[in-house]
Amino acid sequence: MRSGKQRSRKSRIKEEELITEQYRTIGTNIQFITGTNRNNIILVTSPGKEEGKSATAANIALSLAQQGNKVLLIDANFRFPEQHEIFNILNIFGFTDVLDEKITFERAITKVQGIHILTSGTVPLSLSTQEAEKFFNKVKSEYSMVIIDSSPLLEINDTRILANISDGVVLVFKQNETSMENALESKRILQYAQANVLGAVLN
Ligand SMILES: Nc1ncnc2c1ncn2[C@@H]1O[C@H](COP(=O)(O)OP(=O)(O)O)[C@@H](O)[C@H]1O
Ligand SMILES: [Mg+2]
């Protein structure tokens, strides 16, 4: 009984080390591509719902900030936004309101835990490539890293647009749940969007 408990605690510690190592590796890859120029827009996505996109995006943003980067975290999942809940902040104005020019970007951001967060906003919209490009061209020079949380890649077209305009993509898969077929389909979509896949997180 006791040895069983000890084993499970040990394996849990191992698992935590692995997760920490994953974030560190991704952080290193992100900083590598952003080291020489301003390629600093990073999209976090996954094939489907509830595979850990939001948790991963929040963790990457926090770990990059801890390493001294000025970080912006954007919630671009307009249908099921989560970052305001993760960070316990309000989502009255956000990304959609800035795109609709209802509020300025500067007024819409919330500063919390060493990062700047742009919540989703409350009125969903379909993203256009043109407005996304205009927005990201403006914000990218103001931050060392911009992390985007997103909708499921296989379900919502916005995410393909974001994959195309971002400088790197982190793909999240959920262990024992994401099917091989969906994982491969996601890879194919990202190739088609000419996205630069920085790494996969097995959540
Ligand atoms: N590594 C993890 N450890 C524990 N819980 C997690 C982890 N990743 C995600 N979760 C939980 O699983 C659920 C789905 O994760 P979430 O990040 O919201 O997925 P998505 O954004 O892809 O829908 C949430 O309740 C979240 O708190
Ligand atoms: Mg989410």
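The values are calculated or read from the model by the stated rules, or taken from the named source; none is laboratory data. Fair warning: this is a prediction, and the values are worked out from it, not measured in the lab. Note that we place each Cβ from the backbone using ideal geometry, even for glycine, and neighbour counts take in every protein chain shown. In case anyone asks, the SASA skips ligands and DNA or RNA and just uses the protein heavy atoms, side chains included. Shrake-Rupley method; radii C 1.70, N 1.55, O 1.52, S 1.80 Å.
Got a sec? Charge dipole of the range 46-203, +1 on Cβ for Lys and Arg, -1 for Asp and Glu; which of Ser128, Gln194, Val98 is way out at the positive end?
Checked the options; the winner is Gln194.
Please list the equivalent ellipsoid semi-axes of the range 79-156, computed as the square roots of five times the alpha-carbon gyration tensor eigenvalues, in descending order and whole angstrom.
Values: eigenvalues 61, 53, 36 Å².
Semi-axes (√(5λ), whole Å): 18, 16, 13.
How much of the DSSP bridge set in the chain is antiparallel, in percent, rounded to the nearest 5? List each step's numbers first, then the result.
Values: 3 of 24 bridges.
Of those bridges, close to 10 percent are antiparallel.
Considering the options Gly52, Thr28, Phe87, tell which one lies farthest towards the positive end of the dipole of the chain, charges being +1 on Lys and Arg and -1 on Asp and Glu at the Cβ, about the Cα centre.
About the Cα centre, the residue reaching furthest to the positive side is Thr28.
Can you give the FRET efficiency to the nearest 0.05 for Val112 and Gln175, using r as the Cβ-Cβ distance and R₀ = 30 Å?
Between Val112 and Gln175 the formula returns 0.55.
Sum -39500 (n - 2.57) across every DSSP H segment of at least 4 residues in the chain, then divide by the residue count to get the 222 nm mean residue ellipticity, nearest 500.
-14500 deg cm²/dmol
Please compute the per residue accessible area over the range 25-167 with all protein chains in place, 1.4 Å probe, rounded to a whole number of Å².
Solvent-accessible surface per residue comes out at 44 Å².
So, in nm, how far is label Leu90 from label Arg38 when the simple model puts each one 7 Å beyond its Cα toward the Cβ?
For the pair Leu90/Arg38, the computed spacing is 3.2 nm.
What size of dipole, in debye to the nearest 20, comes out for the chain about its Cα centre when the only charges are +1 on Lys and Arg C-beta atoms and -1 on Asp and Glu C-beta atoms?
The dipole of the chain has a size of about 840 debye.
Report Rg/Rh for the chain, rounded to two decimals, where Rg is the Cα radius of gyration and Rh the Kirkwood radius.
0.99
Could you tell me which of Asn77, Ser179, Pro152 has its Cα farthest along the dipole of the range 4-202 towards the positive end, charges placed at Cβ (Lys, Arg +1; Asp, Glu -1), taken about the Cα centre?
Ser179
Mind listing P(r) for the range 115-203? All alpha-carbon pairs, 5 Å bins, whole percents.
For the range 115-203, the pair-distance distribution reads 3, 12, 22, 26, 18, 13, 6, 1.
Using a 1.4 Å probe on the protein chains only, how many percent of the accessible area of the range 4-202 belongs to carbon and sulfur?
Summing carbon and sulfur atoms, their accessible area is 49 percent of the total for the range 4-202.
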